[in-house]
Amino acid sequence: MRFGIIGAGPIGTIISKKLVKNGHDVKIADAREIERLEGKEIAGIPVSVEDVITNIDVLIISIPLHVMPSIRNIVDKAGEEIIIVDTSNYYPFRDNKIEEIENGMVESVWVSNQLGRPIIKAFSNLLAYTLENKGTPEGTSGRIAMTIAGNDLSQKHIIMDLVNELGFDAVDSGSLTDSWRQQPGTPAYCTELTKEELTKALKKADAEKATFLRDKVIEKFSAGLSHKDIVNLNRETYNS
Ligand SMILES: NC(=O)c1ccc[n+]([C@@H]2O[C@H](COP(=O)([O-])OP(=O)(O)OC[C@H]3O[C@@H](n4cnc5c(N)ncnc54)[C@H](OP(=O)(O)O)[C@@H]3O)[C@@H](O)[C@H]2O)c1
């Protein structure tokens, strides 16, 4: 398939490398200027953000959530047939407080509104390290699973198949409205679960507690934590 990626942070670059490795055509852009791609470990062809939306089947947007409004003009020009995938999560300390989300709007619904388009929410509940290093072939015992949410079933299934191809089981986490169950602060968020465990974790999500638990992890977070420490911290906190 032909992919465009906007955003060359850890998630965007890891996805670019995995896609190229699997034989897909990839173009990758920075949301601001192409020069910002210099020195980054990207795979595929570096292009300007204006060029990233041409001749592609899927556009993957991997930028901080608060930056979404700045790429609306680009997304407006993307053909209707292009599947738009968003990897973002909301953190008020980074994204500034967004009133609608603070008042309970589901993050992916807010993103979809800002972009003026339906989206598929994927690659959002695995840490960058997990995405890069912990993919395994289909059928592997203990294979880690990823949540995929979206309103268009055929688009969602295309992205679920892609996730499977890239090394992870895919769990259909429902519509965008349902996707609060995978947001930061919930048991499904960055806890490295199998398909069965992730399905149960989505059911366990508690909307009342999620933001409090999300912020509790941020308070406890420190630079010295290993990847394993972070997964354990998430598991302990989000299941408390
Ligand atoms: N990292 C993870 O483990 C992880 C896991 C799951 C989901 N996510 C989500 O995926 C998205 C991408 O995260 P990430 O950690 O890969 O990278 P990131 O640090 O959010 O950066 C992604 C891209 O956005 C650009 N960017 C940053 N600030 C910008 C601004 N004000 N205007 C325009 N572009 C800007 C960055 O450019 P520069 O490099 O030039 O600043 C980079 O190309 C985020 O929404 C994040 O919440 C992250």
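Laboratory data are not the source of any read-out in this text; all were calculated from the coordinates shown. The shown structure was predicted, so the numbers you read here are calculated from the model rather than taken from an experiment. In this analysis, Cβ positions are derived from the backbone assuming ideal geometry, glycine residues included, and neighbour counts consider all displayed protein chains.
Flag set for E165, criterion: of a type outside the set (V, I, T) and within 23 Å of E81 (Cα to Cα).
Which of the residues that make up the stretch 95-136 are assigned to a loop (DSSP other than H, G, I, E, B) and away from the ligand (no atom under 13 Å from the Cβ)? Scanning the stretch 95-136 gives K97, N103, G104, M105, V106, G116, R117, P118, G135, T136. If the condition is being among the small types (G, A, S) and either buried (at least 19 other Cβ atoms within 10 Å of the Cβ) or at negative phi (or both), then the stretch 100-129 contributes S108, S112, A122, S124, A128. At least 2 residues being in contact with a helix residue (DSSP H, G or I) (Cβ under 7 Å, 6 or more places away or on another chain) and farther than 23 Å from M160 by Cβ is the threshold, and among the helices (runs of 4 or more DSSP H) wholly inside the stretch 192-240 those reaching it are 207-220, 227-238. Within the stretch 16-32, is there a residue that is over 21 Å from M160 (Cβ atoms) and surrounded by fewer than 15 Cβ atoms within 10 Å (Cβ to Cβ)? Within the stretch 16-32 (the criterion being over 21 Å from M160 (Cβ atoms) and surrounded by fewer than 15 Cβ atoms within 10 Å (Cβ to Cβ)), the answer is yes, since at least one residue qualifies. The set of residues in the stretch 1-49 being within 8 Å of the ligand (Cβ to nearest atom) and hydroxyl-bearing (S, T, Y) consists of T13 alone.
Scanning the stretch 7-14 turns up one or more residues that are surrounded by 14 or more Cβ atoms within 10 Å (Cβ to Cβ), touching a helix residue (DSSP H, G or I) at 6+ places or on another chain (Cβ under 9 Å), among the hydrophobic types (A, V, I, L, M, F, W, C) and part of a loop (DSSP other than H, G, I, E, B). For first residues located in the stretch 171-187 and of a type in the set (F, W, Y), partners that are in a helix (DSSP H, G or I) and lie 6+ apart or on another chain with Cβ distances below 7 Å form the pairs W180/A207. Exactly one residue out of I148, I101 is more than 16 Å from the chain's Cα centre (by Cα) and under 29 Å from E208 (Cα atoms), and it is I101. Just to be sure I understand the filter: pairs with C-beta atoms under 6 Å, separated by 6 or more residues or on different chains, first member in the stretch 192-206 and without any contact (Cβ under 8 Å) to a residue 60 or more places away in the chain, second member in a helix (DSSP H, G or I). Which pairs pass? Pairs found: L193/A201; L202/R181; A205/R181.
Taken over the stretch 24-40, the residue count meeting the criterion of being assigned to a loop (DSSP other than H, G, I, E, B) and either under 10 Å from V52 (Cβ atoms) or within 20 Å of the chain's Cα centre (by Cα) (or both) is 5. Restricting attention to the stretch 90-99, does a residue exist that is crowded, with 20+ Cβ neighbours inside 10 Å and in contact with a Leu (Cβ under 9 Å, 6 or more places away or on another chain)? Yes, the conditions are met somewhere in the stretch 90-99.
Contact annotation: residue pairs with Cβ atoms under 6 Å, 6 or more positions apart or on different chains, pairing a residue in the stretch 77-92 that is under 30 Å from C190 (Cα atoms) and in a loop (DSSP other than H, G, I, E, B) with a partner that is within 11 Å of the ligand (Cβ to nearest atom) and of a type in the set (S, T, N, Q), are T87/S62; T87/S124; N89/S124.
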